[in-house]
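Laboratory data are not the source of any read-out in this text; all were calculated from the coordinates shown. Treat the numbers as computed from the prediction; the structure is a model and nothing was measured. So basically every Cβ, Gly included, is an ideal-geometry build from the backbone, and we count neighbours across all protein chains shown.
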């Protein structure tokens, strides 16, 4: 290591990336980060900082830690990082397909809720029959009694 190379403490990286020191230790336990040691202190190099950036980006798009580790471990596989980039591209495309499917599901749920809300608002905008009001009051009395007994 060159004498002038910048290093980071665990608290510096935690603060900069808005993560907890515990998260950094967790990533270390999982083999994603390999800080050097100065006695009991962890010393992070620019390489560790770059890896942390990639870890957090991978998490943000929904990659598992295993997938992130697989990509990170390919860094030295070839001089131009082609294999690493190919694997990352494949995983990114798979994740994009999954997220697009989730978006469709969410849009369907939102539309279903909008339809349900509109129907309920329409129903509730009409005057309630006397029998419904009586049943609602009886239900409310029973609910209050049960809450008092609990």
task: Could you state the angle between the C-alpha long axis of helix 46-60 and the longest principal axis of the C-alpha atoms of the chain, as a value from 0 to 90 degrees rounded to the nearest 10?
output: 20
- line: So residue 82 and residue 56, fully extended at 0.36 nm per residue minus their Cα-Cα distance, gain in nm 7.2 nm
- line: Expressed in µm² per second, the diffusion coefficient of region 1-79 from the Stokes-Einstein equation, with Rh the Kirkwood radius over alpha carbon pairs, at 25 °C and 0.890 mPa s, is 187
query: With the contact rule set at Cα under 8 Å and sequence spacing of 6 or more, what percent relative contact order holds for the chain?
result: 13
- request: May I ask you to work out the translational diffusion coefficient for region 81-150 at 37 °C, viscosity 0.692 mPa s, via Stokes-Einstein with Rh from the Kirkwood sum over Cα pairs, reported in whole µm²/s?
  value: 190
- prompt: Quick one: helix 130-149 against the long Cα principal axis of the chain, what's the angle to the nearest 10°, folded into 0 to 90?
  reply: 60
- line: D (µm²/s, integer) via Stokes-Einstein for the chain, Kirkwood Rh across alpha-carbon pairs, 10 °C, 1.306 mPa s: value 77
- request: Along Cα→Cβ, 7 Å out, is where each label goes; now give me the distance between the ones at residue 40 and residue 103 in nm to one decimal.
  value: 4.9
message: Using Cβ counts within 10 Å as a stand-in for footprinting exposure, how do 142, 79 rank, fewest first?
response: 79, 142
